[in-house]
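The next block holds one structure in the form of C-alpha coordinates; read it before the comments.
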Amino acid sequence: MIRRVGIDVGGTKALGVALDETGAVIAEDRRPTPRGDHSLEPLVDTLVELAESLGVDGSLGVGVPGLVTREGVLRAAPNLDGVADFEVGRLVAERLGHPVSVDNDATCATVAEWQLGAAAGTENMMLVTLGTGIGGGLVANGAVQRGLNGFAGEFGHMVVHPNGPRCPCGRRGCWERYASGSGLAMLAREAATGRRLRAVVEHAGGDPQNVRGEHVQAAAREGDADALAVIDDFGRWVALGLSNLTNAFDPEMFVLGGGLAAGAELYLDPIVRWYSELLYQPQLRPLPRIEFAQWGPLAGAVGAALMPGVT
(Lines give C-alpha, C1' and ligand atoms only; values in the text may rest on other atoms or scores of the structure.)
Protein backbone atom coordinates (compact mmCIF):
# COMPACT_ATOMS: atom_id res chain seq x y z
CA MET A 1 0.00 0.00 0.00
CA ILE A 2 1.28 3.45 -0.92
CA ARG A 3 1.72 5.59 2.18
CA ARG A 4 2.25 9.34 1.76
CA VAL A 5 3.41 11.23 4.83
CA GLY A 6 3.13 14.95 5.46
CA ILE A 7 4.05 17.15 8.43
CA ASP A 8 2.76 20.65 9.19
CA VAL A 9 5.08 22.63 11.48
CA GLY A 10 3.23 25.18 13.60
CA GLY A 11 4.33 27.59 16.27
CA THR A 12 3.43 25.20 19.11
CA LYS A 13 3.14 21.74 17.52
CA ALA A 14 4.21 19.70 14.51
CA LEU A 15 1.30 17.63 13.17
CA GLY A 16 1.92 14.66 10.90
CA VAL A 17 -0.45 12.48 8.87
CA ALA A 18 -0.15 9.44 6.65
CA LEU A 19 -2.45 9.06 3.65
CA ASP A 20 -3.36 5.94 1.70
CA GLU A 21 -3.55 5.84 -2.09
CA THR A 22 -7.10 7.31 -2.02
CA GLY A 23 -6.05 10.32 0.06
CA ALA A 24 -7.72 9.08 3.26
CA VAL A 25 -5.92 9.81 6.54
CA ILE A 26 -4.83 6.46 8.00
CA ALA A 27 -2.53 7.69 10.77
CA GLU A 28 -1.93 10.88 12.70
CA ASP A 29 0.68 11.98 15.24
CA ARG A 30 2.01 15.20 16.72
CA ARG A 31 4.94 16.55 18.73
CA PRO A 32 5.62 19.90 20.42
CA THR A 33 7.55 22.28 18.17
CA PRO A 34 10.97 22.96 19.75
CA ARG A 35 11.43 26.60 20.73
CA GLY A 36 14.38 28.66 21.90
CA ASP A 37 17.71 29.88 20.57
CA HIS A 38 18.99 26.37 19.83
CA SER A 39 15.78 24.86 18.46
CA LEU A 40 16.76 24.07 14.85
CA GLU A 41 18.59 20.79 15.44
CA PRO A 42 15.82 19.57 17.81
CA LEU A 43 13.30 20.53 15.09
CA VAL A 44 15.06 18.22 12.64
CA ASP A 45 14.95 15.48 15.31
CA THR A 46 11.22 16.10 15.78
CA LEU A 47 10.49 15.86 12.05
CA VAL A 48 12.48 12.64 11.74
CA GLU A 49 10.69 11.10 14.74
CA LEU A 50 7.29 12.04 13.37
CA ALA A 51 8.05 10.69 9.91
CA GLU A 52 9.29 7.40 11.32
CA SER A 53 6.31 7.06 13.68
CA LEU A 54 3.99 7.46 10.68
CA GLY A 55 5.79 4.76 8.71
CA VAL A 56 7.39 6.86 5.99
CA ASP A 57 8.67 4.57 3.24
CA GLY A 58 9.14 7.04 0.42
CA SER A 59 8.95 10.78 -0.09
CA LEU A 60 8.01 13.09 2.76
CA GLY A 61 6.36 16.51 2.54
CA VAL A 62 6.87 19.22 5.16
CA GLY A 63 4.94 22.48 5.45
CA VAL A 64 6.59 25.30 7.38
CA PRO A 65 5.48 28.86 8.17
CA GLY A 66 7.39 31.70 6.56
CA LEU A 67 9.34 32.41 3.40
CA VAL A 68 10.33 29.18 1.64
CA THR A 69 12.41 29.27 -1.52
CA ARG A 70 11.71 27.10 -4.54
CA GLU A 71 14.63 24.94 -3.38
CA GLY A 72 12.93 24.31 -0.04
CA VAL A 73 15.15 26.59 2.05
CA LEU A 74 13.38 28.37 4.91
CA ARG A 75 14.58 31.97 4.79
CA ALA A 76 12.52 33.36 7.68
CA ALA A 77 9.71 32.13 9.92
CA PRO A 78 7.54 34.16 12.30
CA ASN A 79 7.24 31.51 15.02
CA LEU A 80 10.50 29.58 14.72
CA ASP A 81 13.49 31.02 16.56
CA GLY A 82 16.86 31.47 14.89
CA VAL A 83 15.76 30.68 11.35
CA ALA A 84 17.97 32.04 8.58
CA ASP A 85 18.51 30.05 5.37
CA PHE A 86 17.53 26.84 7.17
CA GLU A 87 17.93 23.85 4.81
CA VAL A 88 15.40 21.78 6.69
CA GLY A 89 14.59 19.51 3.73
CA ARG A 90 18.19 18.52 3.10
CA LEU A 91 18.89 17.87 6.78
CA VAL A 92 15.80 15.68 7.25
CA ALA A 93 16.43 13.82 3.98
CA GLU A 94 19.99 12.97 5.07
CA ARG A 95 18.64 11.46 8.28
CA LEU A 96 15.77 9.50 6.68
CA GLY A 97 17.37 8.45 3.43
CA HIS A 98 14.20 9.55 1.57
CA PRO A 99 13.46 12.62 -0.55
CA VAL A 100 11.88 15.50 1.38
CA SER A 101 9.74 18.24 -0.18
CA VAL A 102 9.46 21.50 1.81
CA ASP A 103 6.96 24.27 1.09
CA ASN A 104 5.10 27.07 2.81
CA ASP A 105 2.37 25.75 5.13
CA ALA A 106 -0.40 27.80 3.48
CA THR A 107 0.68 26.55 0.04
CA CYS A 108 0.38 23.01 1.41
CA ALA A 109 -3.11 23.75 2.75
CA THR A 110 -4.03 25.14 -0.68
CA VAL A 111 -3.04 21.85 -2.31
CA ALA A 112 -5.14 19.87 0.18
CA GLU A 113 -8.28 21.91 -0.53
CA TRP A 114 -7.62 21.99 -4.28
CA GLN A 115 -7.03 18.28 -4.72
CA LEU A 116 -9.12 16.67 -1.98
CA GLY A 117 -11.26 19.39 -0.39
CA ALA A 118 -13.64 22.25 -1.02
CA ALA A 119 -12.06 23.26 -4.36
CA ALA A 120 -11.69 19.78 -5.86
CA GLY A 121 -12.34 19.93 -9.59
CA THR A 122 -11.39 23.61 -10.02
CA GLU A 123 -8.40 24.88 -11.98
CA ASN A 124 -8.32 28.48 -10.71
CA MET A 125 -8.71 28.91 -6.96
CA MET A 126 -7.26 30.78 -4.02
CA LEU A 127 -6.97 29.75 -0.40
CA VAL A 128 -6.99 32.49 2.23
CA THR A 129 -6.16 31.40 5.77
CA LEU A 130 -7.80 33.55 8.43
CA GLY A 131 -5.89 32.81 11.62
CA THR A 132 -3.73 34.95 13.87
CA GLY A 133 -2.51 36.48 10.60
CA ILE A 134 -3.44 35.84 6.97
CA GLY A 135 -1.66 33.58 4.52
CA GLY A 136 -2.73 31.82 1.39
CA GLY A 137 -2.00 30.13 -1.87
CA LEU A 138 -2.96 30.29 -5.52
CA VAL A 139 -3.75 27.74 -8.22
CA ALA A 140 -4.00 29.10 -11.77
CA ASN A 141 -4.81 27.03 -14.86
CA GLY A 142 -4.36 23.83 -12.88
CA ALA A 143 -0.92 24.60 -11.42
CA VAL A 144 0.25 25.88 -8.03
CA GLN A 145 1.76 29.34 -8.36
CA ARG A 146 4.76 30.06 -6.15
CA GLY A 147 6.16 33.20 -7.77
CA LEU A 148 9.72 33.92 -8.86
CA ASN A 149 11.30 33.22 -5.46
CA GLY A 150 8.67 30.89 -4.03
CA PHE A 151 7.20 33.58 -1.78
CA ALA A 152 3.77 34.03 -3.42
CA GLY A 153 0.68 33.94 -1.22
CA GLU A 154 1.55 36.49 1.48
CA PHE A 155 -1.86 38.09 0.98
CA GLY A 156 -2.10 39.34 4.54
CA HIS A 157 0.46 42.06 3.85
CA MET A 158 -1.51 43.83 1.15
CA VAL A 159 -1.91 47.35 2.52
CA VAL A 160 -5.59 48.27 2.75
CA HIS A 161 -5.24 51.35 4.99
CA PRO A 162 -1.93 53.26 4.70
CA ASN A 163 -2.55 55.06 8.00
CA GLY A 164 -3.85 52.01 9.81
CA PRO A 165 -2.39 50.18 12.81
CA ARG A 166 1.18 48.96 12.66
CA CYS A 167 1.63 45.36 11.56
CA PRO A 168 4.29 43.03 13.05
CA CYS A 169 5.93 43.17 9.61
CA GLY A 170 6.76 46.84 10.32
CA ARG A 171 4.32 48.51 7.93
CA ARG A 172 0.93 50.06 8.61
CA GLY A 173 -2.54 48.98 7.59
CA CYS A 174 -1.87 45.47 6.30
CA TRP A 175 -4.98 43.46 5.48
CA GLU A 176 -4.31 41.00 8.28
CA ARG A 177 -4.55 43.78 10.87
CA TYR A 178 -8.29 43.92 10.08
CA ALA A 179 -9.34 40.58 8.57
CA SER A 180 -7.55 37.98 10.74
CA GLY A 181 -8.45 36.58 14.14
CA SER A 182 -6.35 39.30 15.77
CA GLY A 183 -8.09 41.83 13.51
CA LEU A 184 -11.50 40.69 14.72
CA ALA A 185 -10.31 41.15 18.31
CA MET A 186 -8.98 44.64 17.49
CA LEU A 187 -12.30 45.71 15.95
CA ALA A 188 -14.13 44.36 19.00
CA ARG A 189 -11.84 46.10 21.50
CA GLU A 190 -12.28 49.40 19.70
CA ALA A 191 -16.05 49.01 19.88
CA ALA A 192 -15.92 47.87 23.51
CA THR A 193 -13.85 50.89 24.52
CA GLY A 194 -16.75 53.00 23.26
CA ARG A 195 -18.95 51.34 25.87
CA ARG A 196 -20.53 48.97 23.37
CA LEU A 197 -20.35 45.19 23.31
CA ARG A 198 -21.53 44.65 26.88
CA ALA A 199 -22.22 40.95 26.27
CA VAL A 200 -18.84 40.45 24.61
CA VAL A 201 -17.02 42.15 27.48
CA GLU A 202 -18.86 39.92 29.96
CA HIS A 203 -17.55 36.87 28.07
CA ALA A 204 -14.06 38.41 28.40
CA GLY A 205 -14.34 38.67 32.19
CA GLY A 206 -15.39 42.32 32.28
CA ASP A 207 -12.24 43.91 30.84
CA PRO A 208 -12.56 45.37 27.30
CA GLN A 209 -8.81 44.95 26.76
CA ASN A 210 -9.15 41.18 27.22
CA VAL A 211 -11.65 40.82 24.37
CA ARG A 212 -10.67 38.22 21.77
CA GLY A 213 -12.34 36.78 18.71
CA GLU A 214 -13.85 33.84 20.55
CA HIS A 215 -15.69 36.22 22.89
CA VAL A 216 -17.25 37.96 19.89
CA GLN A 217 -18.28 34.61 18.44
CA ALA A 218 -19.82 33.47 21.72
CA ALA A 219 -21.94 36.61 22.06
CA ALA A 220 -22.91 36.52 18.38
CA ARG A 221 -24.16 32.95 18.73
CA GLU A 222 -26.37 34.20 21.55
CA GLY A 223 -27.85 36.74 19.12
CA ASP A 224 -26.22 39.84 20.60
CA ALA A 225 -26.75 42.69 18.12
CA ASP A 226 -23.51 44.52 18.93
CA ALA A 227 -21.43 41.37 18.44
CA LEU A 228 -23.18 40.68 15.14
CA ALA A 229 -22.41 44.26 14.05
CA VAL A 230 -18.70 43.69 14.73
CA ILE A 231 -18.81 40.48 12.70
CA ASP A 232 -20.49 42.39 9.88
CA ASP A 233 -17.69 44.98 9.97
CA PHE A 234 -15.14 42.19 10.01
CA GLY A 235 -16.86 40.59 7.01
CA ARG A 236 -16.47 43.89 5.13
CA TRP A 237 -12.71 43.89 5.73
CA VAL A 238 -12.41 40.27 4.60
CA ALA A 239 -14.46 41.04 1.49
CA LEU A 240 -12.32 44.08 0.70
CA GLY A 241 -9.21 41.93 0.44
CA LEU A 242 -11.02 39.24 -1.56
CA SER A 243 -12.25 41.86 -4.03
CA ASN A 244 -8.68 43.13 -4.49
CA LEU A 245 -7.46 39.58 -5.09
CA THR A 246 -10.28 39.02 -7.58
CA ASN A 247 -9.33 42.12 -9.53
CA ALA A 248 -5.73 40.85 -9.70
CA PHE A 249 -6.24 37.12 -10.35
CA ASP A 250 -9.87 36.46 -11.42
CA PRO A 251 -10.23 33.10 -9.61
CA GLU A 252 -13.08 30.65 -9.91
CA MET A 253 -13.28 30.10 -6.17
CA PHE A 254 -12.04 31.28 -2.79
CA VAL A 255 -11.57 28.79 0.03
CA LEU A 256 -11.34 30.36 3.49
CA GLY A 257 -9.35 28.39 6.04
CA GLY A 258 -7.54 28.97 9.29
CA GLY A 259 -8.84 29.14 12.83
CA LEU A 260 -11.84 31.34 11.99
CA ALA A 261 -13.31 28.52 9.89
CA ALA A 262 -14.71 27.25 13.20
CA GLY A 263 -17.19 30.15 13.04
CA ALA A 264 -18.07 29.73 9.36
CA GLU A 265 -21.80 29.99 10.01
CA LEU A 266 -21.29 33.47 11.48
CA TYR A 267 -18.90 34.88 8.90
CA LEU A 268 -19.90 33.51 5.51
CA ASP A 269 -23.08 35.52 4.88
CA PRO A 270 -21.60 38.98 5.69
CA ILE A 271 -18.45 38.19 3.71
CA VAL A 272 -20.44 37.14 0.63
CA ARG A 273 -22.81 40.11 0.90
CA TRP A 274 -20.03 42.69 1.23
CA TYR A 275 -18.00 40.98 -1.48
CA SER A 276 -20.79 41.41 -4.02
CA GLU A 277 -20.96 45.12 -3.10
CA LEU A 278 -17.22 45.84 -3.16
CA LEU A 279 -16.21 43.86 -6.25
CA TYR A 280 -15.51 45.77 -9.45
CA GLN A 281 -18.37 45.34 -11.98
CA PRO A 282 -20.06 42.38 -10.22
CA GLN A 283 -23.01 42.51 -12.62
CA LEU A 284 -20.75 41.79 -15.61
CA ARG A 285 -18.98 38.70 -14.32
CA PRO A 286 -19.75 35.35 -12.68
CA LEU A 287 -18.96 35.80 -8.99
CA PRO A 288 -16.32 33.44 -7.64
CA ARG A 289 -17.66 30.96 -5.13
CA ILE A 290 -16.67 31.58 -1.51
CA GLU A 291 -16.65 28.56 0.81
CA PHE A 292 -14.90 27.56 3.99
CA ALA A 293 -12.26 24.84 3.96
CA GLN A 294 -13.07 21.18 4.53
CA TRP A 295 -9.81 19.86 5.98
CA GLY A 296 -9.67 22.13 9.03
CA PRO A 297 -6.52 21.78 11.14
CA LEU A 298 -5.28 18.83 9.05
CA ALA A 299 -5.06 20.85 5.82
CA GLY A 300 -1.38 21.75 6.06
CA ALA A 301 -0.25 18.19 6.84
CA VAL A 302 -2.51 16.62 4.20
CA GLY A 303 -1.26 19.07 1.57
CA ALA A 304 2.32 18.45 2.60
CA ALA A 305 1.78 14.73 2.04
CA LEU A 306 0.44 15.48 -1.46
CA MET A 307 3.12 18.06 -2.29
CA PRO A 308 5.84 15.69 -3.63
CA GLY A 309 3.53 14.90 -6.57
CA VAL A 310 2.61 18.53 -7.28
CA THR A 311 4.62 20.64 -9.71
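The values are calculated or read from the model by the stated rules, or taken from the named source; none is laboratory data. The structure presented is a predicted model; accordingly, all values stated were derived computationally and were not measured. No Cβ is skipped: glycine too gets one built from the backbone with ideal geometry, and neighbour counts run over all protein chains shown.
So which residues in segment 101-135 are among the small types (G, A, S), under 16 Å from G63 (Cβ atoms) and at pLDDT 95 or above, if there are any at all? Don't jump to the end; show me each part of the working.
So in segment 101-135, the residues among the small types (G, A, S) come out as 101, 106, 109, 112, 117-121, 131, 133, 135.
From what is left, the residues that are under 16 Å from G63 (Cβ atoms) are 101, 106, 109, 112, 117, 131, 133, 135.
Scanning segment 101-135 gives A109, A112, G117.
Taking the criterion of being assigned to a helix (DSSP H, G or I) and under 18 Å from T246 (Cα atoms), would at least one residue in segment 118-133 satisfy it?
Pass one, segment 118-133, residues assigned to a helix (DSSP H, G or I): none.
The answer is no, given that none of the residues of segment 118-133 is assigned to a helix (DSSP H, G or I) and under 18 Å from T246 (Cα atoms).
If I filter segment 26-42 for residues that are in contact with a Lys or Arg (Cβ under 7 Å, 6 or more places away or on another chain), of a type in the set (V, I, T) and surrounded by 15 or more Cβ atoms within 10 Å (Cβ to Cβ), do I get at least one hit?
Yes; the residues of segment 26-42 include at least one that is in contact with a Lys or Arg (Cβ under 7 Å, 6 or more places away or on another chain), of a type in the set (V, I, T) and surrounded by 15 or more Cβ atoms within 10 Å (Cβ to Cβ).
Which ones in segment 267-311 are of a type in the set (D, E, K, R), part of a helix (DSSP H, G or I) and closer than 17 Å to L130 by Cα? Break it down stepwise before answering.
Going residue by residue through segment 267-311, those that are of a type in the set (D, E, K, R) are 269, 273, 277, 285, 289, 291.
Adding the requirement that they be part of a helix (DSSP H, G or I) leaves 269, 273, 277.
Across segment 267-311, the qualifying residue is only D269.
Taking the condition assigned by TED's automatic domain parsing to the domain that holds I134, crowded, with 18+ Cβ neighbours inside 10 Å and at pLDDT 95 or above, does A239 pass? Before the answer, list the steps.
Numbers: assigned by TED's automatic domain parsing to the domain that holds I134: yes; crowded, with 18+ Cβ neighbours inside 10 Å: yes; at pLDDT 95 or above: yes.
Yes; evaluated as a whole, the condition is true for this residue.
List the number of the failed condition for A120; all other conditions in (1) within 16 Å of the chain's Cα centre (by Cα); (2) free of Cβ contacts under 8 Å to residues at least 40 places away in the same chain; (3) within 24 Å of G296 (Cβ to Cβ); (4) surrounded by fewer than 24 Cβ atoms within 10 Å (Cβ to Cβ) hold.
Single failed check for A120: (1).
Taking segment 280-292 as the search range and keeping residues that are among the hydrophobic types (A, V, I, L, M, F, W, C) and at pLDDT 95 or above, which one is nearest to M253 (Cα to Cα)?
First, pick out the residues of segment 280-292 that are among the hydrophobic types (A, V, I, L, M, F, W, C): 284, 287, 290, 292.
Subsequent filtering for residues that are at pLDDT 95 or above retains 290, 292.
Values: I290: 6, F292: 11 Å.
Step by step, filter segment 280-292, then rank; the result is I290.
Can you tell me which residue is nearest to V102 (Cα to Cα) among those in segment 1-36 that are without any contact (Cβ under 8 Å) to a residue 60 or more places away in the chain and part of a strand (DSSP E or B)?
A14
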